[in-house]
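> Structure incoming, see below.
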Amino acid sequence: MDGYTVGVLTNIGLFSFLALSAYVLLVAGELSFGQQAFFGVGAYTAGVATAMFGWPLAAATAAAMALGGLAALLVGLSTLRLRGLYFAMATLAAAEMARILFELLRWQREVNGERVGPDGAQGFRGIRWVFEHGMEAGGFLALIYGVLSVLVTALLVLERSRLGATLRAVGLDPEQAAAVGIDIHRIKLGVVSAAGAVAALGGALYAHHNTYVEPRNFDIMLGVHALAYALVGGLGTALGPLLGVALDVGVLEGSQVFAGYRMIVFGGVVALLLVVRPRGLLDEQIVNALTRRGWGLR
Amino acid sequence: MLADLAQNTLDGLGAGASYAVLALGFTLVFGVLRLANLAYGPAIMLGAYAATWVSLHAPVPLLALAAITVAGSVAAGAYVERVCFAPHRRARAGSGPAGAAAMAAMVASFAVWMQLEEAATLALPRHLYAFPPLTTGPPLSLGPLALRMETPIGLGVAAAVCAALWWMLYRARFGLAVRAVIERPAAAGLSGIDVSRVSAAAFAVASSVGGVGGFLVAATHGQVTPHLGMWTTLKGMLAMMIGGLGSLPGAVAGGMVLGVLESHSQWYLGPQARDLTAYLLLFALLAWRSRGLARRG
């Protein structure tokens, strides 16, 4: 593989985490404009841990996920009572606050005679763990897809479990779900935290791929892209969001056929597609039809 | 000290006037659709870009530029309505998972936002263009205070737009139909109102109000950038949420509160704190009061 292909595939993998994070919330019936904040929390946490304190990548990523999940839980606790649009707006406000806090965050320390750490709006340079440990771009790509396939497998198994059915019930009709004895608030808090942790996981890997992050990487554009990926790919299976990312980053950006017009093409495709398929390409109906007939999974 | 406080309040009211106009348009769209139209600002940005493009090629009076901004916003807004919201209105009337069509419509409006932004940058590729300023003279001095002429003009325009909207909604026959669609779309349809036409017309009115707000912003700042789209959506939405959803006086109050608050926090705490304060206020209002300052009947 040449460097360009590796780069495109890496980006597909990294954005898939964010799309999956938006996806689990959509399945549970919540629209969040703020998942990019937890992606950012993950990026900054993992960067601080490896670059400033010399943690190994695995420990740094675990810390990033814990902090991302915790941050999401805190936002969820104060906003989950809100319904629909109010929740979406509250997540947007929280995410923009997080972005501004990244801009205000200045915390550096001397590492090997060099000052490393977040430098406000100038960003955070020198997150070089991957290169310092002799990992090639191809190796990191394999790592990203390894982690991603574990996550997707876990989600696919979860979707076929009782908990998965509960989640969909909450997403499709919360009142009825409550009426059959599901504790909606607890389920949603769990989903919000898990989605935060998934986004943070992606952010941790993103920071180590780029070696440099800055606050405006995590603006609302990123969050709404994640939503669009999840919704275009489809809400029927965890493979949907991956398809959404692959269509935009892989086909439209990667092929460079529409250079200069990519946003116009992707925007038009998304808007028209959602008219025909409001729950995406791989929606529940398609997934049900496929799993029942062909694959013998039932 | 006291003079600073008064001066900041005055400047904040000036900025708040354009926020109020933007929030009025956003509120009308929100009332009819019950959805946030993310492409609201980008459509206005396209109108402002059309005016900028004309002003680069010919010397045109300010009023003509305002008209072009409004016309451009209405045209782009009509495209947004056709592509993002009209198709999903039918879907929402039918069965299907609750909220699915609403989510699809909102994400579609984001997709069209990207289109509009790229169209604007293709037409005028530089990062920043000058926009003819609203006034050129020095500010008026009122004792220790300086009154920028934009402030009274903005407040006057905001008052006029609010009065016109009020008249349209509560005195005109068309407004009766709009209010019926806002209250009970199904019942409005049964009583012979063409819901989809009334919605489209209300959307056009909202886009033209937004265009007026966009012109005020562009002419006050004296520049346009592609970020104007996102900026406009955020300010309009923020002011609407602060004022409580779906209320015209609330939208005006929300715009003023936002303007004054930003002006003070910028003065005392710096530009980053200004935005932080605005979002913190929105978050706190949502989390603790969940309805904004004004409650609706």
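> Within region A:67-81, can you find the residues that are farther than 16 Å from residue A:36 by Cα and either of a type in the set (Gly, Ala, Ser) or in contact with a helix residue (DSSP H, G or I) (Cβ under 6 Å, 6 or more places away or on another chain) (or both)?
First, the residues of region A:67-81 that are farther than 16 Å from residue A:36 by Cα: A:77-81.
Within region A:67-81, A:78, A:79, A:80 meet the criteria.
> Of all the residues that make up region A:107-125, how many are in contact with a strand residue (DSSP E or B) (Cβ under 8 Å, 6 or more places away or on another chain), loosely packed, with under 15 Cβ neighbours inside 10 Å and closer than 25 Å to residue A:11 by Cβ?
Qualifying residue count, region A:107-125: 0.
> Here's a follow-up. For region A:163-198, which positions are surrounded by 19 or more Cβ atoms within 10 Å (Cβ to Cβ) and of a type in the set (A, V, I, L, M)?
Selection gives A:167, A:169, A:170, A:177, A:187, A:191, A:192, A:194, A:195, A:197, A:198.
> Taking the stated definitions as given, is residue A:98 touching a residue at least 40 places away in the same chain (Cβ under 8 Å), surrounded by fewer than 18 Cβ atoms within 10 Å (Cβ to Cβ) and within 12 Å of chain B (Cβ to nearest Cβ)?
no
> From the list B:76, B:91, B:23, B:98, which residue is within 14 Å of chain A (Cβ to nearest Cβ), at pLDDT below 90 and either outside any loop (DSSP other than H, G, I, E, B) or surrounded by 24 or more Cβ atoms within 10 Å (Cβ to Cβ) (or both)?
On the way: B:76 fails: at pLDDT below 90; B:23 fails: at pLDDT below 90; B:98 fails: either outside any loop (DSSP other than H, G, I, E, B) or surrounded by 24 or more Cβ atoms within 10 Å (Cβ to Cβ) (or both).
Just a single option satisfies the conditions, and that option is B:91.
> I'd like the full set of residues that are within 22 Å of residue A:286 (Cβ to Cβ) and more than 12 Å from chain B (Cβ to nearest Cβ), limited to region A:235-261.
A:237, A:238, A:239, A:240, A:241, A:242, A:243, A:245, A:246, A:247, A:250, A:251
> Looking at A:202, A:117, can you tell me which residue is in contact (Cβ under 8 Å) with a residue 40 or more places away in the chain, in contact with a Lys or Arg (Cβ under 9 Å, 6 or more places away or on another chain), within 18 Å of residue A:49 (Cβ to Cβ) and of a type in the set (Gly, Ala, Ser)? Before you say what the answer is, go through the steps one by one.
Values: A:202 fails: in contact with a Lys or Arg (Cβ under 9 Å, 6 or more places away or on another chain).
Every option except A:117 fails the conditions.
> Residues that are of a type in the set (Phe, Trp, Tyr) and surrounded by fewer than 18 Cβ atoms within 10 Å (Cβ to Cβ): does region A:129-143 have at least one?
So in region A:129-143, the residues of a type in the set (Phe, Trp, Tyr) come out as A:129, A:131, A:140.
Imposing the further condition that a residue be surrounded by fewer than 18 Cβ atoms within 10 Å (Cβ to Cβ) reduces the set to A:131.
Yes, some residue in region A:129-143 is of a type in the set (Phe, Trp, Tyr) and surrounded by fewer than 18 Cβ atoms within 10 Å (Cβ to Cβ).
> Only one of these is within 14 Å of another protein chain (Cβ to nearest Cβ), small (Gly, Ala, Ser) and under 21 Å from the mean Cα position of the chain (by Cα): A:171, A:146. Name it. First the steps, then the outcome.
Numbers: A:146 fails: within 14 Å of another protein chain (Cβ to nearest Cβ).
Just one listed residue meets the conditions, A:171.
> What is the one condition in (1) more than 13 Å from every other protein chain (Cβ to nearest Cβ); (2) among the aromatic types (Phe, Trp, Tyr); (3) over 17 Å from the mean Cα position of the chain (by Cα) that residue B:203 does not satisfy?
The one condition residue B:203 does not meet is (3).
> Being under 27 Å from residue B:228 (Cα atoms), buried (at least 21 other Cβ atoms within 10 Å of the Cβ), more than 7 Å from chain A (Cβ to nearest Cβ) and at pLDDT 80 or above: is that true of residue B:120 here? So that I can check it myself, show each step before the final result.
Details: under 27 Å from residue B:228 (Cα atoms): yes; buried (at least 21 other Cβ atoms within 10 Å of the Cβ): yes; more than 7 Å from chain A (Cβ to nearest Cβ): yes; at pLDDT 80 or above: yes.
So residue B:120 fits the description; yes.
> Quickly run through region A:8-42 and pick out the residues that are more than 14 Å from every other protein chain (Cβ to nearest Cβ) and over 17 Å from residue A:245 (Cα atoms).
Listed by number, the residues that qualify are A:38, A:40, A:41, A:42.
> Of all residues being within 16 Å of residue B:83 (Cα to Cα) and within 7 Å of another protein chain (Cβ to nearest Cβ) in region A:272-288, which is modelled with the lowest pLDDT? Just the residue, please. Write out each step before concluding.
Filtering region A:272-288 down to residues within 16 Å of residue B:83 (Cα to Cα) leaves A:272-278.
Checking the rest, the ones that are also within 7 Å of another protein chain (Cβ to nearest Cβ) come to A:274-275, A:278.
Details: A:274: 89, A:275: 89, A:278: 86.
It comes out as A:278.
> Return yes when residue A:128 is touching a strand residue (DSSP E or B) at 6+ places or on another chain (Cβ under 7 Å) and more than 9 Å from chain B (Cβ to nearest Cβ) and no when it is not. Even if it seems obvious, please write down each step before you answer.
On the way: touching a strand residue (DSSP E or B) at 6+ places or on another chain (Cβ under 7 Å): no; more than 9 Å from chain B (Cβ to nearest Cβ): yes.
Taking the combined requirement at face value, the residue does not satisfy it.
> Now, a different point. Return yes when residue A:272 is free of Cβ contacts under 8 Å to residues at least 40 places away in the same chain, part of a helix (DSSP H, G or I), farther than 25 Å from residue B:80 by Cα and of a type outside the set (Asp, Glu) and no when it is not.
Values: free of Cβ contacts under 8 Å to residues at least 40 places away in the same chain: yes; part of a helix (DSSP H, G or I): yes; farther than 25 Å from residue B:80 by Cα: no; of a type outside the set (Asp, Glu): yes.
So residue A:272 does not fit the description; no.
> Can you confirm whether residue B:86 is touching a Cys at 6+ places or on another chain (Cβ under 9 Å) and either part of a helix (DSSP H, G or I) or within 14 Å of chain A (Cβ to nearest Cβ) (or both)?
On the way: touching a Cys at 6+ places or on another chain (Cβ under 9 Å): no; either part of a helix (DSSP H, G or I) or within 14 Å of chain A (Cβ to nearest Cβ) (or both): yes.
So residue B:86 does not fit the description; no.
> Could you check, for region B:123-141, whether at least one of its residues is in contact (Cβ under 8 Å) with a residue 24 or more places away in the chain, within 27 Å of residue B:250 (Cβ to Cβ) and more than 9 Å from chain A (Cβ to nearest Cβ)? Before the answer, list the steps.
Applying the first criterion (in contact (Cβ under 8 Å) with a residue 24 or more places away in the chain) to region B:123-141 yields B:123-124, B:127-134.
Those still in the list that are within 27 Å of residue B:250 (Cβ to Cβ) too: B:134.
Subset that is more than 9 Å from chain A (Cβ to nearest Cβ): B:134.
Yes; the residues of region B:123-141 include at least one that is in contact (Cβ under 8 Å) with a residue 24 or more places away in the chain, within 27 Å of residue B:250 (Cβ to Cβ) and more than 9 Å from chain A (Cβ to nearest Cβ).
> Given (1) part of a helix (DSSP H, G or I); (2) away from every other protein chain (no Cβ under 14 Å), identify the lone condition not met by residue A:76.
(2)
> Now for a separate question. Mind listing just one residue for me: the one in region B:211-268 that is of a type in the set (Ser, Thr, Tyr) and in contact (Cβ under 8 Å) with a residue 24 or more places away in the chain and, of those, farthest from the other protein chains (Cβ to nearest Cβ)? Show your work before the answer.
At the first step, the residues of region B:211-268 found to be of a type in the set (Ser, Thr, Tyr) are B:220, B:225, B:232-233, B:247, B:263, B:265, B:268.
Going one step further and asking which of them are in contact (Cβ under 8 Å) with a residue 24 or more places away in the chain, we end up with B:220, B:225, B:232-233, B:247, B:263.
On the way: B:220: 23, B:225: 14, B:232: 13, B:233: 9, B:247: 15, B:263: 18 Å.
Residue satisfying both the conditions and the ranking: B:220.
> OK, next. Tell me which residues, restricted to region A:88-119, are in a helix (DSSP H, G or I), over 18 Å from the mean Cα position of the chain (by Cα) and not aliphatic (A, V, I, L, M).
Matches in region A:88-119: A:102, A:103.
> Let me ask something else. Hey, residue A:100 hits all of (1) of a type in the set (Val, Ile, Thr); (2) out of contact with any Ser or Thr (no Cβ under 7 Å at 6 or more places or on another chain); (3) farther than 25 Å from residue B:241 by Cβ but one; which does it fall short on?
Tallying (1) of a type in the set (Val, Ile, Thr); (2) out of contact with any Ser or Thr (no Cβ under 7 Å at 6 or more places or on another chain); (3) farther than 25 Å from residue B:241 by Cβ, residue A:100 fails exactly one: (3).
> On to the next question. Is region A:218-227 home to any residue that is out of contact with any Leu (no Cβ under 7 Å at 6 or more places or on another chain), within 12 Å of chain B (Cβ to nearest Cβ) and either surrounded by fewer than 17 Cβ atoms within 10 Å (Cβ to Cβ) or outside any helix (DSSP H, G or I) (or both)?
The answer is yes, given that some residue of region A:218-227 is out of contact with any Leu (no Cβ under 7 Å at 6 or more places or on another chain), within 12 Å of chain B (Cβ to nearest Cβ) and either surrounded by fewer than 17 Cβ atoms within 10 Å (Cβ to Cβ) or outside any helix (DSSP H, G or I) (or both).
> Exactly one condition in (1) closer than 22 Å to residue A:280 by Cβ; (2) surrounded by fewer than 24 Cβ atoms within 10 Å (Cβ to Cβ); (3) of a type in the set (Phe, Trp, Tyr) is false for residue B:113; which is it?
(2)
The values are calculated or read from the model by the stated rules, or taken from the named source; none is laboratory data. The structure displayed is predicted, hence computed values, not measured ones. Using ideal geometry, Cβ is built from the backbone for each residue, glycine included, and neighbour counts are taken over all protein chains shown.
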